[in-house]
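Here is the structure we will look at.
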Amino acid sequence: MRWNAKRIALSVLVVLVAGIGIFTAVKWQEIERARFVASMFSGADEVENFRNMDAIFPSRKIARAGAVYDIPQGAPLDLPATYSYEGKTLDTAKFLAATDTTGLLIVKDGKIVHEQYWRGNDKDTRWISWSVGKSFISALVGIAVGEGKIASVDDPLTKYAPELIGTGYEGVSIKNALQMSSGVSWNEDYSDKNSDIARFGRTLAFGGSMVEFAKSLKRAHAPGTVNHYNSMDAQVLGLVLLHATGKTPSDYLSEKIWSKIGAARDGYWVLDDTGTELAAGGVNVTLRDYAKFGLLYLHEGNWMGEQLVPRDWVKASHTPDAPQLVPGKRDNADDIMGYGYLWWLPETADGPFSAIGIYNQFVYVDPAHDLVIAKTSANHTYGADTTDASYREHETFALFRAIADKASRP
C-alpha cells in the first residue's frame, strides 16, 4: 500500500509539473505576442521577429513541389551610387542602411543581376510579407474567378461570406474590397495606438478572431466611391476564398501557385488562434520566391507556358478603372498613388506596379524595363508618423527608378 501511495504521489507530481510547463509555455507565447505587438512602430529593431514569425504566432505551411527554379544569373549590376528624390541627390548605401534593408534582389530580362543580404538574412531566410501578402490574395481571387468558384467580382461579399450580413460589409462587392473602396470605416494610422489597425494587431496578439473583428466595423462611405486603405478589406477576401474554394488560402496558394513556380522553400502563413489566415499580410517566404511571384505577374500570370493566373485578371489588377483609383492627388482617395486589385500604381496608370508592405517590403514589377525588384526591410522609423519621411515608400520608388534606368543602359 505504501509503495502504491508513493507511485500515485509521483504520478500526480508528474502531471502537475507537466501542467505547469504547458501553462507556462502558453503564457510565454501570449507574453511574446503582446511584447511584439507593443514594440511595433516604436522604433524597436524587428529583424529577428520578422524572420521568425512562426515562433510568435500559429502558422500553416504553404507547400512547394517539384524542382526548384533557379532564376538564371545575368551580368552583375552595381547599384547606382546615388538617386534623385524631391530635388536632392541621395546616397543609395545610406538609404538601404537607414531603412534596415535585409534583402534586395533585382531581376532584369529574366536574370538575377543583383542579389544582396544584410542583418543575418540569406537566400533561405523566410521573411514576413506584411501587406505584400494582399497581392497574393488578389492572385488567388483571380484564380477562383477563372475557375468559376467565384462567379463575378461584382458579387457581394456576403454571397460567399454570410457571416458579414448585417455588418458594414453588407452591400460591398468583391471588387470594392479588391480596390480598397469598401466604404467601411477604418483608421490605418500606425502611429495611433487607438487606430483600427492597432486594434487589429492586438486582436491577433491576444487570440481574438479576425472574423469577429470584421463584423464589428461600420459604414463610412458608399461602396465604390472612395479609395481608402483598409487592411480588413483584404482580410474579408480571405474569408470569401475559404468559402468559395473550400480550401484555406494557404492550401489554395500551394496548389495553384507555390507548387508550380519552382519555389525554393515551403512558405508559411500566419494564423489567428481560430486557424484563420492573416490574409491582410501573413505570408512568409524567401526573397527569391517573392521575386518569382513578381516574375509571374511580369509575365501576365503565365509560368513556363502554363497560365496560372488569368491574363485578363493580371491586367485588371494594375489598371485603375474608377476615378478614385487613378494616380495623382484626388479628393476621393487617401494616397497619391493609384490602385488596382490589391496592387499599387506608384507613378502612372500604365507604368510600374507594386505590392507594398509595412516596414518597406516590396515586389516591384516594371514591364517596360522587363524588371522585377524584391526588397525586404525592417525600417525602424516606419509608422512613427504619417509622413513619407517615416514611410519612405515614395523615396524607395525613386531608387527603383534609378535602378531601372541604370539596368537598361547599353
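The values are calculated or read from the model by the stated rules, or taken from the named source; none is laboratory data. Worth saying up front: this structure is predicted, and the values here are computed from it rather than measured. Quick reminder, even Gly has a Cβ in these numbers, built from the backbone with ideal geometry, and neighbours come from all protein chains shown. Side chains included, ligands, DNA and RNA excluded: accessible areas come from the protein's heavy atoms. Shrake-Rupley method; radii C 1.70, N 1.55, O 1.52, S 1.80 Å.
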TODO: List every residue pair whose Cβ atoms sit under 6 Å apart, with the two residues 6 or more apart in sequence or on different chains, where the first one lies in the range 309-333 and is of a type in the set (Phe, Trp, Tyr) and the second, anywhere, is open to solvent by less than 30 Å² (accessible area, probe 1.4 Å).
DONE: Trp313/Gly142
Task: Yes/no for Ala244 being within 16 Å of Leu157 (Cβ to Cβ) and either in a loop (DSSP other than H, G, I, E, B) or of a type in the set (Gly, Ala, Ser) (or both) - done: yes
Task: Filter result for the condition that a residue is more than 21 Å from the chain's Cα centre (by Cα), modelled with pLDDT of 95 or more and of a type in the set (A, V, I, L, M), over Ile137, Ile106, Ile150 - done: Ile150
Task: Qualifying residue in the range 87-94 (condition: modelled with pLDDT under 95 and either over 30 Å from Lys193 (Cα atoms) or surrounded by 20 or more Cβ atoms within 10 Å (Cβ to Cβ) (or both)) - done: no
- [ ] Among residues belonging to the range 148-172 that are in contact (Cβ under 8 Å) with a residue 60 or more places away in the chain and more than 18 Å from Met232 (Cα to Cα), point out the one that is least open to solvent (accessible area, probe 1.4 Å).
- [x] Ile150
Task: Extreme residue, farthest from the chain's Cα centre (by Cα), among residues of the range 236-251 that are among the hydrophobic types (A, V, I, L, M, F, W, C) and within 14 Å of Thr274 (Cβ to Cβ) - done: Leu242
TODO: Grab the strands (runs of 3 or more DSSP E) fully contained in the range 38-106, keeping just those with 2 or more residues being over 30 Å from Gly275 (Cα atoms).
DONE: 82-85, 88-91
TODO: Report whether or not Ser138 is buried (at least 21 other Cβ atoms within 10 Å of the Cβ), under 28 Å from Ala389 (Cα atoms) and not basic (Lys, Arg).
DONE: no
- [ ] Within the range 173-213, track down each residue that is crowded, with 22+ Cβ neighbours inside 10 Å, β-branched (Val, Ile, Thr) and touching a residue at least 60 places away in the same chain (Cβ under 8 Å).
- [x] Ile174
Open item on the list: Pairs please, first residue from the range 53-73 and under 21 Å from Ala38 (Cβ atoms), second anywhere and assigned to a loop (DSSP other than H, G, I, E, B) and open to solvent by 30 Å² or more (accessible area, probe 1.4 Å), Cβ atoms under 7 Å, 6+ apart in sequence or on different chains.
Closed with: Pro58/Asp273
TODO: May I ask you to verify whether Thr225 is open to solvent by 10 Å² or more (accessible area, probe 1.4 Å) and in a loop (DSSP other than H, G, I, E, B)?
DONE: yes
Open item on the list: Given the condition among the hydrophobic types (A, V, I, L, M, F, W, C) and within 17 Å of Ser182 (Cβ to Cβ), answer yes or no: does some residue in the range 136-144 qualify?
Closed with: yes
Open item on the list: If I filter the range 247-279 down to residues being assigned to a helix (DSSP H, G or I) and open to solvent by less than 40 Å² (accessible area, probe 1.4 Å), which single residue comes out as nearest to Lys123 (Cα to Cα)?
Closed with: Trp258
